[in-house]
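Notes follow the structure.
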Amino acid sequence: MPGFPLEGGCLCGAVRYRMNGEYEGCAHCHCRMCQKATGAPVVTWFTVKEDDFDIVKGALKFRQSSEHAERGFCPDCGTQILFRYLKDRGRSADIAAATLDDPDAVEPSFQIHVGSRVGWMHGFDAALPVRKGALER
């Protein structure tokens, strides 16, 4: 386990955050919403208790990305930092691992929404187990 607190932020530096507790899990997400929201074929998220996560500089802007979830991003540069299910608001949130100052501080242990994985990502993390995501059919 890495040392705490873990810190991170957006591309332009307008939003900074700190995580004081241990993360609950880390996964590669292949869903189409994450792909469209980031322009990347996969997004790696780690789950935290919201009580252990603080914005220490700036503020996130939120957009409801589906009937089930919202995404928090920097209003200046657009970096997506946070994803949370509306039913979990105030309890837990997923943080984009690549926004950490040290992205190696978390390590994915599973994948979700692999049915949406882009075809040219052959063999991507074949060693990681697949779990059904909350919204996956």
Within segment 41-68, can you find the residues that are of a type in the set (Gly, Ala, Ser) and surrounded by 14 or more Cβ atoms within 10 Å (Cβ to Cβ)?
Gly58, Ser65
Which of the residues spanning segment 64-73 are within 15 Å of the chain's Cα centre (by Cα) and not in a strand (DSSP E or B)?
Ser65
Residue by residue through segment 7-38, note down the ones that are in a loop (DSSP other than H, G, I, E, B), free of Cβ contacts under 8 Å to residues at least 40 places away in the same chain and among the hydrophobic types (A, V, I, L, M, F, W, C).
none
Scan segment 116-133 residue by residue and report those that are surrounded by 12 or more Cβ atoms within 10 Å (Cβ to Cβ) and modelled with pLDDT under 90.
Met121, Phe124, Asp125, Leu128, Val130, Arg131, Gly133
How many of the residues in segment 97-137 are within 19 Å of Val15 (Cα to Cα) and touching a helix residue (DSSP H, G or I) at 6+ places or on another chain (Cβ under 8 Å)?
2
Residues of segment 34-63 being more than 12 Å from the chain's Cα centre (by Cα) and hydrophobic (A, V, I, L, M, F, W, C), which ones?
Ala40, Phe53, Ile55, Val56, Ala59, Leu60, Phe62
Scan segment 86-98 for residues that are within 12 Å of the chain's Cα centre (by Cα) and surrounded by fewer than 21 Cβ atoms within 10 Å (Cβ to Cβ) and report the count.
2
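The values are calculated or read from the model by the stated rules, or taken from the named source; none is laboratory data. Keep in mind that what you see is a predicted model, and the values were worked out from it rather than measured. Every residue, glycine among them, receives a Cβ derived from its backbone with ideal geometry; neighbour counts consider all protein chains shown.
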